[in-house]
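**Student:** Attaching a single structure in structure tokens format; questions to follow.
The values are calculated or read from the model by the stated rules, or taken from the named source; none is laboratory data. Keep in mind the model is a prediction, meaning the values are calculated, not measured. As a convention, Cβ positions derive from the backbone with ideal geometry for all residues, glycine included, and neighbour counts pool all protein chains shown.
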Amino acid sequence: MPTYSRLPVTFTQGEGVWLWDDQNNRYLDAISGIAVCNLGHCHPAVTQAICQQASQLVHTSNLYQIQRQEELGDALVEASGMDKVFFCNSGTEANEAAIKLARLYGHKKGIALPTIVVMENSFHGRTMAALTATGNEKIKEGFGPMLEGFLRVPYNDINAAEQAFANNPNIVAVLVEPVQGEGGVLPADPAWCQRLRDLCQTQDALMMIDEVQTGMGRTGKLFAFQHHQFLPDVVTLAKGLGNGMPIGAMMTRGKAAEVFAPGNHGTTFGGNPLACAAGLAVLNTLRQHPEHITNATELGNFMRAEFIRRLANLNGIKVIRGLGLMIGIQLDRPCAELVKRALEKHHLLINVTRGDTVRLLPPLVMTQDDAELIVSGVCDVIREFLNTNA
Ligand SMILES: *Cc1c(COP(=O)(O)O)cnc(C)c1O
């Protein structure tokens, strides 16, 4: 179905930061399948784990104990400080699980119309509850009615959050991205995050962090909430967790870990041995090679500094921002065509989000040379674009 306007290129092979098309042309991937292949394409440890598991056991059911699922659950709990994990197949499903959990949490306290605080400009996925939570009117258009029980406030606005809590005793949770990815690579203000945590604590609401895009080392910590001084109650993961194998997860802690009982939620595929073997390989690789996560901080800072040095004084550049290897370059005009220009002229894969922001999410395993190639290619296409579209 034409749900995507696809670029005219077919990739048939990948290795690390590189992709090859069906004509054997080589491309540098600076988007990682949208923050999925954080360890690069076909990372040997992940490939080996998938092949090994595929030859041993692919699927049984959550009706039975699943060894790989327990191992991945334990590893995630140990790495995050959370208590329990529910596995699913995607980011939107992880957020659906979190939204259902928050509602049940409220009902168990006697709140008949539980309300979840969500942000303007947010993205949480395409299924109905996650779509309702999303703050992008364009992708919701035509799919109403949305669900009840959501209250939207501006991102990074302490006053608005305080007002929302003061006026609404039905708030059971806050759902927030630590860096808004689809929304244009906007990092959360640490003071605002801490205030949200405190407000949740005071009103016995759940602090739910959507780490679908920011998780698995992307921002220079294994999880982006680890940039802050608190633990959330709920964390959702997907994208980078399987390095390309479809897998999502909802991690819970404390009172949030005690909400779901048998029968409350379920999934046929979620947490199957194959997906969990891939997740385990990703997590083990990141723990055995902390340099990949350090790389996210160092090369991210290097690239942002280079972009500022080379682009910031140009007419047409609004802001250069990000965290770790999430980089956003916002222009003062629509610039979606940059994607095609970078692909054709430099064989470079980039992304434009919200229509006016170049978004880069390169693999964490890239080298300084790769980073320099990306910077020079992106600067070149932006400069040319601004000159011909003045
Ligand atoms: C991509 C994304 C989702 C949706 O994940 P899918 O796997 O596409 O369903 C949810 N939240 C955030 C922050 C995302 O970036």
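**Student:** Output the residue which, of all residues in the stretch 76-121 that are β-branched (Val, Ile, Thr) and either surrounded by 22 or more Cβ atoms within 10 Å (Cβ to Cβ) or in a helix (DSSP H, G or I) (or both), is nearest to the ligand (Cβ to nearest atom).
**Tutor:** Just the residues of the stretch 76-121 that are β-branched (Val, Ile, Thr), to begin with: 77, 85, 92, 99, 111, 115-118.
Those left that are additionally either surrounded by 22 or more Cβ atoms within 10 Å (Cβ to Cβ) or in a helix (DSSP H, G or I) (or both): 77, 85, 92, 99, 116-118.
On the way: Val77: 21, Val85: 17, Thr92: 3, Ile99: 12, Ile116: 14, Val117: 16, Val118: 12 Å.
In this case the residue turns out to be Thr92.
**Student:** Just the residues that are surrounded by 14 or more Cβ atoms within 10 Å (Cβ to Cβ) and in a helix (DSSP H, G or I), please, taken from the stretch 126-138. Steps first, please.
**Tutor:** Going through the stretch 126-138, the residues surrounded by 14 or more Cβ atoms within 10 Å (Cβ to Cβ) turn out to be 126-136.
Passing the criteria: Met128, Ala129, Ala130, Leu131, Thr132, Ala133.
**Student:** Can we say Thr297 is modelled with pLDDT of 95 or more, in contact with a helix residue (DSSP H, G or I) (Cβ under 7 Å, 6 or more places away or on another chain) and of a type in the set (S, T, N, Q)? Give the steps one after another, and end with the answer.
**Tutor:** Details: modelled with pLDDT of 95 or more: yes; in contact with a helix residue (DSSP H, G or I) (Cβ under 7 Å, 6 or more places away or on another chain): no; of a type in the set (S, T, N, Q): yes.
For Thr297, the condition - modelled with pLDDT of 95 or more, in contact with a helix residue (DSSP H, G or I) (Cβ under 7 Å, 6 or more places away or on another chain) and of a type in the set (S, T, N, Q) - is not met.
**Student:** Further question: How about the stretch 169-184: which of its residues are more than 10 Å from the ligand (Cβ to nearest atom) and under 11 Å from Gly328 (Cα atoms)?
**Tutor:** Once the filter is applied, which keeps residues that are more than 10 Å from the ligand (Cβ to nearest atom) and under 11 Å from Gly328 (Cα atoms), the stretch 169-184 yields only Gly184.
**Student:** Taking Thr60 as the residue in question, decide whether it is among the β-branched types (Val, Ile, Thr) and assigned to a loop (DSSP other than H, G, I, E, B). Please lay out each step first, then the result.
**Tutor:** On the way: among the β-branched types (Val, Ile, Thr): yes; assigned to a loop (DSSP other than H, G, I, E, B): yes.
Considered against the rule, which asks whether it is among the β-branched types (Val, Ile, Thr) and assigned to a loop (DSSP other than H, G, I, E, B), Thr60 comes out as yes.
**Student:** Still on this structure: Just to be sure, is Thr367 more than 25 Å from Gly14 (Cα to Cα) and hydroxyl-bearing (Ser, Thr, Tyr)? Break it down stepwise before answering.
**Tutor:** Numbers: more than 25 Å from Gly14 (Cα to Cα): no; hydroxyl-bearing (Ser, Thr, Tyr): yes.
It is false that Thr367 is more than 25 Å from Gly14 (Cα to Cα) and hydroxyl-bearing (Ser, Thr, Tyr).
**Student:** Next question. Being modelled with pLDDT of 95 or more and either of a type outside the set (Phe, Trp, Tyr) or within 14 Å of the ligand (Cβ to nearest atom) (or both) is the requirement here; does Phe225 meet it?
**Tutor:** So Phe225 passes the test.
**Student:** Sticking with this structure for a sec: Kindly state which strands (runs of 3 or more DSSP E) lie completely within the stretch 141-257 and contain at least 1 residues that are within 18 Å of the chain's Cα centre (by Cα) and crowded, with 19+ Cβ neighbours inside 10 Å. Before you say what the answer is, go through the steps one by one.
**Tutor:** On the way: elements: 150-153, 171-176, 206-210, 234-237, 248-252.
Of the strands (runs of 3 or more DSSP E) lying wholly inside the stretch 141-257, those with at least 1 residues that are within 18 Å of the chain's Cα centre (by Cα) and crowded, with 19+ Cβ neighbours inside 10 Å span 171-176, 206-210, 234-237, 248-252.
**Student:** Additional query: Take Ala45 and tell me if it is part of a helix (DSSP H, G or I), touching a helix residue (DSSP H, G or I) at 6+ places or on another chain (Cβ under 8 Å) and surrounded by 14 or more Cβ atoms within 10 Å (Cβ to Cβ). Give the derivation first.
**Tutor:** Numbers: part of a helix (DSSP H, G or I): yes; touching a helix residue (DSSP H, G or I) at 6+ places or on another chain (Cβ under 8 Å): yes; surrounded by 14 or more Cβ atoms within 10 Å (Cβ to Cβ): yes.
The answer is yes for Ala45.
**Student:** Look at Phe269 and say whether it is at negative phi, more than 16 Å from the ligand (Cβ to nearest atom), touching a residue at least 60 places away in the same chain (Cβ under 8 Å) and not in a helix (DSSP H, G or I). Break it down stepwise before answering.
**Tutor:** Numbers: at negative phi: yes; more than 16 Å from the ligand (Cβ to nearest atom): no; touching a residue at least 60 places away in the same chain (Cβ under 8 Å): yes; not in a helix (DSSP H, G or I): yes.
When the stated conditions are applied, Phe269 does not pass them.
**Student:** Tell me the residue from Glu211, Glu258 that is under 21 Å from Val365 (Cα atoms), free of Cβ contacts under 8 Å to residues at least 40 places away in the same chain, of a type outside the set (Ser, Thr, Tyr) and touching a strand residue (DSSP E or B) at 6+ places or on another chain (Cβ under 9 Å), please.
**Tutor:** Numbers: Glu258 fails: under 21 Å from Val365 (Cα atoms).
Going through Glu211, Glu258 in turn, just one is under 21 Å from Val365 (Cα atoms), free of Cβ contacts under 8 Å to residues at least 40 places away in the same chain, of a type outside the set (Ser, Thr, Tyr) and touching a strand residue (DSSP E or B) at 6+ places or on another chain (Cβ under 9 Å): Glu211.
**Student:** For the subset of the stretch 361-390 comprising residues that are out of contact with any Leu (no Cβ under 9 Å at 6 or more places or on another chain) and among the small types (Gly, Ala, Ser), which member is surrounded by the fewest Cβ atoms within 10 Å (Cβ to Cβ)?
**Tutor:** Ala390
**Student:** Considering only the stretch 302-317, how many residues are loosely packed, with under 15 Cβ neighbours inside 10 Å and without any contact (Cβ under 8 Å) to a residue 40 or more places away in the chain?
**Tutor:** Counting residues in the stretch 302-317 that are loosely packed, with under 15 Cβ neighbours inside 10 Å and without any contact (Cβ under 8 Å) to a residue 40 or more places away in the chain gives 4.
**Student:** I would also like to ask the following. Against the condition surrounded by fewer than 21 Cβ atoms within 10 Å (Cβ to Cβ), within 23 Å of Asn167 (Cβ to Cβ) and either touching a strand residue (DSSP E or B) at 6+ places or on another chain (Cβ under 9 Å) or of a type in the set (Phe, Trp, Tyr) (or both), how does Asn62 come out, does it pass? Spell out how you get there, then give the answer.
**Tutor:** Numbers: surrounded by fewer than 21 Cβ atoms within 10 Å (Cβ to Cβ): yes; within 23 Å of Asn167 (Cβ to Cβ): no; either touching a strand residue (DSSP E or B) at 6+ places or on another chain (Cβ under 9 Å) or of a type in the set (Phe, Trp, Tyr) (or both): yes.
Answer is no for this residue.
**Student:** While we're here: Scan (1) surrounded by 20 or more Cβ atoms within 10 Å (Cβ to Cβ); (2) without any contact (Cβ under 8 Å) to a residue 40 or more places away in the chain; (3) more than 16 Å from Ser32 (Cβ to Cβ) for the single condition Val358 breaks and write down its number.
**Tutor:** (3)
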